[in-house]
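Peer 1: My questions all concern the structure below.
The values are calculated or read from the model by the stated rules, or taken from the named source; none is laboratory data. In this text the structure is predicted, and so the values were computed from the model without any measurement. Neighbour counts run over all protein chains shown; Cβ positions are idealised from the backbone, glycine included. Note: accessible area is taken over every heavy atom of the protein model, side chains too, but ligands, DNA and RNA are not part of it. Shrake-Rupley method; radii C 1.70, N 1.55, O 1.52, S 1.80 Å.
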Amino acid sequence: MRRVVSVLSLLALVATALVVVGTGGASSQVTSPVKGSLKYCNDPSFPPMESKTTSGKPVGFDIDMANAIAKLWRVKATFVGTAFTGLLPALAAHKCHVVISGIFVTPDRTAKFPAVRYMRTHRALVVQGGNPKHIKSPNDLSGKNVAVQTGTKYEQYLKDLNDQFKAAGKSQMNLSSYPGDTDAIAQLLIGRADAVLTQDTEGAYQKKQHPGKLAIAYLFPETDTFGIYYRKSDAKLGKALRSAIATLKKNGTLKKLAKKQQIPASDVK
């Protein structure tokens, strides 16, 4: 009788193990904080973080990361194209669950919307190949033609720098703003701008796209951080995002995505 009971117990354990394996185990099951689809607002004008192919398909690090998060939650990632200046307003209007679009974590933004950090990066001054204007620091932008993406912290930094130039009696830069970062770089390529303030990721990407025509003249020592923004009322979503990013860092997914886009692995540690 004991032998029969033992055999039955063993069979029960095997059956239980098969169920666990078949479902991925209780520890690997993740309850999605969204139903059916993770809608993310994104402005695809900032390669290699986000851009569009000639056929209009969104591509880039952030696009891949959104898909990886959705995969963890067993839902679909849905791209919601949005102009950069409209990203947070769109989030407030419930047009998307989150904003994933190479957007900095800053006090003024987090005062209204919480953010989950996922990548560190450096700002960079990109110039024409050979640096004909001899720009070696932000101070050298005095009197120069500078292009930047509108609505960004880069733009605000340059406006503040112009105020400093004016207060010091120096020539102000001629600052021009454009809808996308790529648009600003285009001004540099055709000679209408002497410099563009952007990120090291964007600078490296554009240098690869235009061999010999661009150079990084100055890399700011301070780091900025990209974050995923969500609404304060969605605390459950925020918790799930933090867990997802931790998982994607631990299992090496973010490192692989960074390598794919030629972004330093140290940026996503």
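Peer 1: Out of the stretch 241-269, which residues are touching a helix residue (DSSP H, G or I) at 6+ places or on another chain (Cβ under 7 Å), of a type in the set (S, T, N, Q) and closer than 17 Å to Ile69 by Cα?
Peer 2: If the condition is that a residue be touching a helix residue (DSSP H, G or I) at 6+ places or on another chain (Cβ under 7 Å), of a type in the set (S, T, N, Q) and closer than 17 Å to Ile69 by Cα, then Thr247, Thr253 are the ones that fit.
Peer 1: Looking at the stretch 51-68, I want the residues that are within 15 Å of Gly81 (Cα to Cα) and have a partner that is open to solvent by 70 Å² or more (accessible area, probe 1.4 Å) and of a type outside the set (D, E, K, R) with Cβ atoms under 6 Å, at least 6 apart or on another chain. Which pairs are those?
Peer 2: Close Cβ pairs (under 6 Å, with a partner that is open to solvent by 70 Å² or more (accessible area, probe 1.4 Å) and of a type outside the set (D, E, K, R)) do not exist here.
Peer 1: Looking at (1) in contact with a helix residue (DSSP H, G or I) (Cβ under 7 Å, 6 or more places away or on another chain); (2) touching a residue at least 40 places away in the same chain (Cβ under 8 Å); (3) closer than 16 Å to Asp194 by Cα, find the lone condition where Met173 falls short.
Peer 2: Condition (2) is where Met173 drops out.
Peer 1: Another one. Within the stretch 31-51, track down each residue that is over 18 Å from Ala68 (Cβ atoms) and part of a loop (DSSP other than H, G, I, E, B).
Peer 2: Once the filter is applied, which keeps residues that are over 18 Å from Ala68 (Cβ atoms) and part of a loop (DSSP other than H, G, I, E, B), the stretch 31-51 yields Lys35, Asp43, Ser45, Pro47.
Peer 1: Go through Lys249, Lys236, Lys260 for me and flag whichever is in contact with a Pro (Cβ under 7 Å, 6 or more places away or on another chain), open to solvent by 50 Å² or more (accessible area, probe 1.4 Å) and among the charged types (D, E, K, R). Full working, then the answer.
Peer 2: Values: Lys249 fails: in contact with a Pro (Cβ under 7 Å, 6 or more places away or on another chain); Lys260 fails: in contact with a Pro (Cβ under 7 Å, 6 or more places away or on another chain).
Within the list Lys249, Lys236, Lys260, the selection yields Lys236.
Peer 1: Let me ask you something else. Can you name the condition, by its number, that Asp181 falls short on among (1) modelled with pLDDT of 95 or more; (2) crowded, with 19+ Cβ neighbours inside 10 Å?
Peer 2: Condition not satisfied by Asp181: (1).
Peer 1: If only one of Ala124, Ala147, Ala70 is part of a strand (DSSP E or B), in contact with a Lys or Arg (Cβ under 8 Å, 6 or more places away or on another chain) and not β-branched (Val, Ile, Thr), which one is it? Break it down into steps so the answer makes sense when it comes.
Peer 2: Numbers: Ala124 fails: in contact with a Lys or Arg (Cβ under 8 Å, 6 or more places away or on another chain); Ala70 fails: part of a strand (DSSP E or B).
Just one listed residue meets the conditions, Ala147.
Peer 1: Among the residues of the stretch 141-152, are any without any contact (Cβ under 8 Å) to a residue 40 or more places away in the chain and more than 27 Å from the chain's Cα centre (by Cα)? Give the steps one after another, and end with the answer.
Peer 2: Filtering the stretch 141-152 down to residues without any contact (Cβ under 8 Å) to a residue 40 or more places away in the chain leaves 142-143.
Filter once more, so that each one left must be more than 27 Å from the chain's Cα centre (by Cα): 142-143.
Within the stretch 141-152, one or more residues are without any contact (Cβ under 8 Å) to a residue 40 or more places away in the chain and more than 27 Å from the chain's Cα centre (by Cα).
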